[in-house]
Every structure is written in structure tokens, then in C-alpha cells.
Amino acid sequence: MSAFPQSPVGIEPSFRTAEERELAGGLNHFKGSNGHKNEVKCLQYLDKYLLSSDFVKVVVSTNIAETSLTIDGVVFVIDPGFAKQKVYNPRIRVESLLVTAISKASAQQRAGRAGRTRPGKCFRLYTEKAYKTEMQDNTYPEILRSNLGSVVLQLKKLGIDDLVHFDFMDPPAPETLMRALELLNYLAALNDDGDLTELGSMMAEFPLDPQLAKMVIASCDYNCSNEVLSITAMLSDHESVQWCYDNFINYRSLMSADNVRQQLSRIMDRFNLPRRSTDFTSRDYYINIRKALVTGYFMQVAHLERTGHYLTVKDNQVVQLHPSTVLDHKPEWVLYNEFVLTTKNYIRTCTDIKPEWLVKIAPQYYDMSNFPQCEAKRQLDRIIAKLQSKEYSQY
């Protein structure tokens, strides 16, 4: 039997529920497997595993299994009709995973997992009316609902400058392209003419989002590249953080993060970027790491208002710290890695920062003439005036 939860995070709860109900029924012939990590390899293994014993096997998989190789032995498929899809809003510069209804094409692919080599059935947890009236015929291409920062950076690296007339199979919205160019310009990967800079060429060599690539490169200036490499490797594997939180540790996920770290280390060596650390006993140890984070994520900052809620800087989106945060207080200024849209707007994977770092590290972005009126702007105005008076007094 094969089941499709909404996302990798839903695999473990589904797995445990199936085990508990099997035990409650007094059965002793249940075996389960989940494969959201290196899923293609896992499914190749399952093709042999399903035929190798007399147990009832349950495969809990993400939607990557819709189009993967045929698994011999799958007789039943459970399709809840939902999946988590990446959605990008260019106006507020937010990319998030949202639970959405699958398309008719995906539903057909899921049903096709059963009965390939023997008679089978697909149990759809939605009505025929919902299938006919609420589902799109096909899934929207990912390029139409993604942040194009990495795509534009790679195209620039390949020497493709006329992005407006580039022959995309599915042309993205002009606003999405403009936001990507704006992001890369603020990160200094592109100059004001839209040409790739030396820094941008180096960033394009890292298999990372532009913000993470900039953070890794800038960490050398703050003597914390070893620590930032580890942070980046863990951020590239979101499931491992949740899994380790729920189950205390996951050896395979940590090994996956370690492999990512080694790959990034080799790229740094190729560009002669030093890998070093600030003395752990130094008061600047954590400060330098947080400054390095700001170099990549200065556009993802929120300020605590007097009303007690956070506002994202410049976009003025009301957000809350995610319940999973490890912060034991509400810092006035926080930098975040993820914007999560559920019943509320949450920011996740946050760290406490100082506003002075923002205006020093990213003065082009924190140009107060382009800022909306808010408490954050007033405070930043005071900080900029204070810094300018210090510079003036030195002369």
C-alpha cells in the first residue's frame, strides 16, 4: 500500500499512526517505510523489498513518488488530494510552502501507482465533484511560483543578459523577474547596470540560494566561516531540524548535512576563501556569526512594535515568532530564514540582531528615503544620524 501525506513533515505522524492502529488490532504482520530523503534510491530499494517477505507493507511518500519508477507489489493507494507547494509573492518578497489541492494530472499519476503489475485500487479522500470542479487540469510549473534569484544568477553566469526576451518554456511574471534582479543587486551580485559582479560570479558557483551564498562568502570577513558552513548545511536540510527535534537525532539527516558542508568547503577552497573561526571564548564569537547572517538575510528582518507584534521591515507584514522558536524572549529586532503562511503569518528560524548592523552592512537597502513610516524607520533614522555624527566628529 502507498500513501501520500501533504509533505515530508507529515510522513512520521502517518507512520506512527499506522503502527499504533496495527498493534491495537492485534496484528503482527505490519512493516512500514518512509522515503522522503534520497527518495528515488529508497523507492528502488522498496521495489525489491515489497516482494521479499510476507508482511503487509505501507509506503508513506511525498508526491515525488507520483512520477517515479514503478514499485512492483503496490496494490492500494491512498490519495488525500493535497500537497504542499512552493508559492512566491513578489510584492512582499515572501516564498512559502502552502497546502493546496493537487491537480487532476497529479491525481491520475497517484492512482497509477497501484495496479501496474496486478489489479489494484486507489482510495481518494475527496468527492468526485471536488475532482471535477475544484482541481486544475495540470499543476502550475514551479518557475511560475518560485523566487527566481538563483535562476537569474545562473543565467547571468551563462552570459544571458536579455532576460526579458529569453525563451522560457513558461515565461515568469515580469514582476517576479524584477524582484530577482533587485535582490541580486542588493546582494552586490549584480551592479546597477545589471551586469554580473566578481562577487556574483563566485556566488553562482555555490549550489545555494543567493542569500546563503553571500552569507558563506562574507563569513570569511567575520572570522566565522567554519560556523557559517555548518549553519548553511543545516538550513539546506529543513526536514532534519524538525526530525531531530521530534526524535532527538537522525543520523542520516546529519550525515546529509555533513556532505553538504564538505561540498561547500571544497568550493571555498577552490576560490581560496579561508576557513577560520573566532576564538570561542571571545565576546565577538556569536556577534560575528550573527553579522555574517545579516550579510545574506538583511532583507528578511522584523521589528517588534509597541503594540507587541512584529512587522517585517519595509514590507510591513504583521508576523509572529513561530511556536518552534528557541528564543526565550521577544527581541526588538530579529532576522528570519523562513516566512510560514498557515492560520497566521509566522517567521521561523530566527536570531536576535542589532539595527546598527543593518545600516552598516546594507546601506543601499536601508536607504530611509524609500522606507514607509513606522517605528522601525524612526529608530533607524536615529541610528544613522548617530553614526554620521560620530564620523563627522572624527574629522
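Of note:
- Region 300-355-region 88-131 distance, computed between alpha-carbon centres (Å): 32 Å
- Taking MET169, MET234 and counting other C-beta atoms within 10 Å, the order from fewest to most: MET169, MET234
- Amide H partners (placed H, <5 Å) of GLN136, local residues excluded: LYS104
- Pairs beyond 21 Å (Cα-Cα), from LYS84/LYS330; LYS57/LYS132; LYS354/LYS386; LYS214/LYS344: LYS84/LYS330; LYS57/LYS132; LYS214/LYS344
- Annotation: amide H-H contacts under 5 Å for CYS122 (H modelled 1.01 Å from N, sequence separation of 5 or more, or interchain): VAL77.
- Rounded to whole Hz, the Karplus (6.51, -1.76, 1.60) HN-Hα couplings of region 326-334, x for glycine and proline: 9, 5, 8, 8, 9, x, 5, 10, 10
- Put in line by how crowded their Cβ is, counting other Cβ atoms within 10 Å and starting with the fewest, ASP258, ASP195, ASP315 read ASP195, ASP258, ASP315.
- Rounded to whole numbers, the Karplus 3J(HN,Hα) couplings from phi for region 130-135 are 4, 4, 7, 10, 9, 8 Hz, using 6.51 cos²θ - 1.76 cosθ + 1.60 with θ = phi - 60°, and x at Gly and Pro.
- Footprinting exposure proxy for TYR297, TYR366, TYR126 (fewest neighbouring C-beta atoms within 10 Å first): TYR126, TYR297, TYR366
- Here the 3J(HN,Hα) profile of region 377-382, calculated from phi with Karplus coefficients 6.51, -1.76 and 1.60 at θ = phi - 60°, is 5, 5, 5, 5, 4, 5 Hz, Gly and Pro shown as x.
- Selected from VAL151, PHE166, MET215, residue furthest toward positive end of dipole (region 149-243; charges at beta carbon): MET215
- Placed amide H near VAL94: partners under 5 Å, 5+ positions off or other chain: ASN89
Every number here is computed from the coordinates shown, using simple stated rules; none is lab data. Note that the structure is a prediction, hence the values are computed from the model and not measured. Note that we place each Cβ from the backbone using ideal geometry, even for glycine, and neighbour counts take in every protein chain shown.
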